[in-house]
Amino acid sequence: FNFKFYFSKKRVKLSKVQIRGPVGTAPKVVKIFLNTSGFSFDDTDSRAPTQVLTLSEPNTIIQLDHLKFQDVSNLSLFIENNQNGGELTQINEIVLHGVPYSTTNVSELKKVAE
């Protein structure tokens, strides 16, 4: 499975992801690809994922690599397999935790007295 998420005109900083599904058929290995325009199912073998999640049990909240997920405009999730290794993978909900991306205006920085 390959899911794509686009974040309107604003970019986001993502911190966590949670993929909810029933015991046994919930995803186990999930590959995340960031900011990949024109990304397709066929690209999952030729491109390195930004992060690989191994879910030891369903419904776990997974912390994302803080540095890699600072400026996200879109992401793709590739579900490689499920908890019991069967052909059917079931997802009830995907929850992305994050905040809107905002840049720092360097002209507004002030020197702190030592």
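In this structure, is THR60 closer than 26 Å to VAL23 by Cα and modelled with pLDDT of 90 or more? Spelling it out, it is not the case that THR60 is closer than 26 Å to VAL23 by Cα and modelled with pLDDT of 90 or more.
Taking the range 61-89 only, how many residues are among the acidic types (Asp, Glu) and within 21 Å of SER15 (Cβ to Cβ)?
Count: 2.
Inside the range 77-89, residues that are part of a loop (DSSP other than H, G, I, E, B) and either aliphatic (A, V, I, L, M) or surrounded by 15 or more Cβ atoms within 10 Å (Cβ to Cβ) (or both) make up a count of 3. Within the range 19-55, being in contact (Cβ under 8 Å) with a residue 24 or more places away in the chain and small (Gly, Ala, Ser) holds for GLY21, GLY24, ALA26, SER37, SER40.
The values are calculated or read from the model by the stated rules, or taken from the named source; none is laboratory data. Predicted model, so just to flag it, every value in this text is computed and none were measured. Cβ atoms come from the backbone with ideal geometry, glycine included; neighbour counts cover every protein chain shown.
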